[in-house]
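Undergrad: One structure is given below, represented as C-alpha cells, and several questions about it will come after.
The values are calculated or read from the model by the stated rules, or taken from the named source; none is laboratory data. Quick caveat: nothing in here was measured; it's all calculated off a predicted structure. With ideal geometry, Cβ positions are generated from the backbone for all residues, glycine too; neighbour counts draw on all protein chains shown. Remember, those area values only see protein heavy atoms, side chains included, never the ligands or the DNA or RNA. Shrake-Rupley method; radii C 1.70, N 1.55, O 1.52, S 1.80 Å.
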Amino acid sequence: MKLLLTVLKGIHKPAVYVSHQRCLSSCASGGLLPHSDEPLIVGSSRELVQRLGSQVEVRTAFITEEEERAFLRELESGLKKKRYEFDHWDDAIHGYRETERVSWGAACEEVLNRVRSAAFPEGSQLLGPVHILDLDKTGYIKPHIDSVKFCGSTIAGLSLLSDSIMRLVKEDATSEWLDLLLPRHSLYILRNEARYNFTHEILKDEESVFNGQKVPRRRRISVICRNLPG
C-alpha cells in the first residue's frame, strides 16, 4: 500500500492508495483503463480506508460498450425531451436531466440483475424504479446525503459516457475523506457508514483531478439502484 501526499481543495493532506483498487490509462473509447498496480480510491488516512474498505467499492469494466449502447438506446429518446436544469429543488445538482424507469429491455435487465447481485444481499427489498441522472459536461453534484426516508443502506450506480470523480466527506469531520475514481463502464457501491455518515458529490470538470492527473468530465449518465429503508 503506497502512501502519498495529495492536494484537496488547496490543503495538503495525507492520502492512502487502496491496494485492491486500480488506476488508469487513456483508451480509445474515451474512458480510462485500469493498471493492475494503481488505485481507484485514495483517502485521508490509512485507518479510514481500512474502516470503509468493505463499504465503498469501484468495479471497473462492469459493463461493455455494447451494454452501454443498449442503455443509451432505451434512454436517449426520453432524455432528449427534457432540458438540462440548473437549479435543483434542494440545490444538490447543477446541470442535469433525470428520470426513473421500471421496465427495461432484456439486455439492460440482465445488466441490472448483475448490479443487484453484486451490490445487495439476496432477498433485499429494492426500490422499484431505477433512477437515471444525466449530467451535462458542465454539470456537477454538490455534497449531500440521500434521504434515509426514501432509500436504505446501499446505493449502486453504473457510470455511462464519461469518467468522473466522486468525493466522500465525513459529515461531522471534514478532514476525513475519500476520492473515488469512477471510470466509464464501472459500477460504484456505497454501503452503511459510507452511505449515512459521508456526503458524496461528483466533481466539476475543472476540479476533476485524481492523484495529480486530470480526469476530463464529459456528459455523464448514471444508472442508480437503491434498496428500501429497513
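Undergrad: Which residue, chosen from Ala118, Ala61, Val148, occupies the Cα position most advanced towards the positive end of the dipole of the range 60-171, where the dipole is computed from +1 (Lys, Arg) and -1 (Asp, Glu) charges on Cβ about the Cα centre?
TA: Val148
Undergrad: Can I ask one more? How would you classify the range 139-230 from its alpha-carbon gyration tensor, with a ≥ b ≥ c the square roots of the eigenvalues: rounded for a/c under 1.5, else prolate if a/b is greater than b/c, otherwise oblate?
TA: Cα axes put the range 139-230 in the oblate bin.
Undergrad: Ignoring ligands, DNA and RNA, what accessible area per residue does the range 133-209 give at 1.4 Å, in Å²?
TA: Each residue of the range 133-209 exposes 33 Å² on average to a 1.4 Å probe.
Undergrad: OK, next. Quickly work out the His144-to-Glu206 label distance, labels modelled 7 Å from Cα along the C-beta direction, and quote it in nm with one decimal.
TA: Placing both labels 7 Å beyond Cα along the Cβ direction yields 2.2 nm.
Undergrad: Any of Lys82/Lys170; Lys81/Lys214; Lys80/Lys137; Lys82/Lys204; Lys80/Lys204; Lys81/Lys137 with alpha carbons more than 24 Å apart? Name them for me.
TA: Lys82/Lys170; Lys81/Lys214
Undergrad: Follow-up. Could you tell me which of rounded, prolate or oblate describes the range 43-143, using a ≥ b ≥ c as the square roots of the eigenvalues of the alpha-carbon gyration tensor, with rounded for a/c under 1.5 and, failing that, prolate when a/b is larger than b/c and oblate otherwise?
TA: oblate
Undergrad: Tell me, what % of the accessible area of the range 32-160 is carbon and sulfur with a 1.4 angstrom probe?
TA: 52
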